[in-house]
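**Student:** Here it is, the structure, as structure tokens.
Every number here is computed from the coordinates shown, using simple stated rules; none is lab data. No experiment lies behind these values; they were computed from the predicted model shown. Please note: Cβ atoms are built from the backbone with ideal geometry, for glycine as well, and neighbour counts cover all protein chains shown.
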């Protein structure tokens with residue numbers, strides 16, 4: 001028997017970093033597949049444009065939040081729960097690129113900028129951990145980089161933060177598995193790492209592969225690393 005009902009339709013999915021190109025694409029793809037999307041970002045104008053881009057789709061709810069602000073993320077989670085909303089999925093797209101210039105040019109300023117993606121991941125996964133564990137089919141995914149497997153001196157800051165983000169996502173996976181074992185219940189939640197060399201041009205592939213995680217048993221995808229763009 002499957003571990004849970006299949007498919008993303010009817011699921012509530014939070015897209016963290018929805019004002020990015022990949023976030024906007026993911027929001028549209030998920031909503032088009034029947035998911036209820038919570039699109040979260042810092043720029044209210046870009047969030048408003050996202051809704052305008054899909055005027056016939058009323059399954060996108062926008063939320064303005066700085067995901068690097070721990071209290072702000074906790075307040076977001078509280079607000080959604082007060083409205084009766086529990087999250088089944090989380091797609092983490094907060095991040096960016098800074099680098100170049102060899103090891104000597106890996107500045108603390110650039111590192112702190114990049115570290116914001118890891119900080120946001122920590123805040124969001126902790127704030128919505130109870131929701132994901134309570135879901136009968138939870139899926140979490142982050143976007144990492146192939147640089148983790150082959151870091152370069154000019155991208156040392158970037159690769160280090162991505163490696164840390166992968167470690168965090170894998171720790172979430174272990175927590176899901178342990179909770180299932182301790183509760184003597186089937187595993188229903190999965191945490192997945194998507195790696196890309198560059199995300200540009202793979203936005204649709206990412207969104208589609210993320211939505212497809214609900215078509216697989218959690219045990220088959222939990223704690224896996226999927227490299228996109230190698231097909």
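**Student:** Along the Cα→Cβ direction, 7 angstrom out, place labels at residue 200 and residue 66. What is the inter-label distance in nm?
**Tutor:** About 2.9 nm separates the two model spin labels.
**Student:** Also: For the residue pair residue 85 and residue 133, what label-to-label distance in nm results when each label sits 7 Å from Cα along the Cα-to-beta-carbon direction?
**Tutor:** Reported label-point gap for residue 85 and residue 133 is 2.3 nm.
**Student:** Which order do the peptides 23-31, 128-136, 67-75, 104-112 take when ranked by the mean count of other beta-carbon atoms within 10 Å per residue, highest first? Please list the in-between numbers first.
**Tutor:** Values: 23-31: 23.9, 128-136: 18.2, 67-75: 16.3, 104-112: 13.1.
Highest to lowest by the protection proxy: 23-31, 128-136, 67-75, 104-112.
**Student:** If one computes the Cα centroid of segment 204-227 and of segment 126-153, what distance in Å separates the two points?
**Tutor:** When both Cα centres are located, 11 Å separates them.
**Student:** Report the equivalent ellipsoid semi-axes for segment 12-227 in whole Å, largest first, defined as the square roots of five times the eigenvalues of the gyration tensor built from alpha carbon atoms. Please list the in-between numbers first.
**Tutor:** Numbers: eigenvalues 134, 92, 55 Å².
Value: 26, 21, 17 Å, ordered largest first.
**Student:** Okay, next question. Round to the nearest 0.05 the FRET efficiency obtained for residue 185 and residue 45 when R0 = 41 Å and r is the Cβ-Cβ distance.
**Tutor:** 0.40
**Student:** A further question follows. Can you give the FRET efficiency to the nearest 0.05 for residue 224 and residue 153, using r as the Cβ-Cβ distance and R₀ = 22 Å?
**Tutor:** Working from the Cβ atoms, E equals 0.15.
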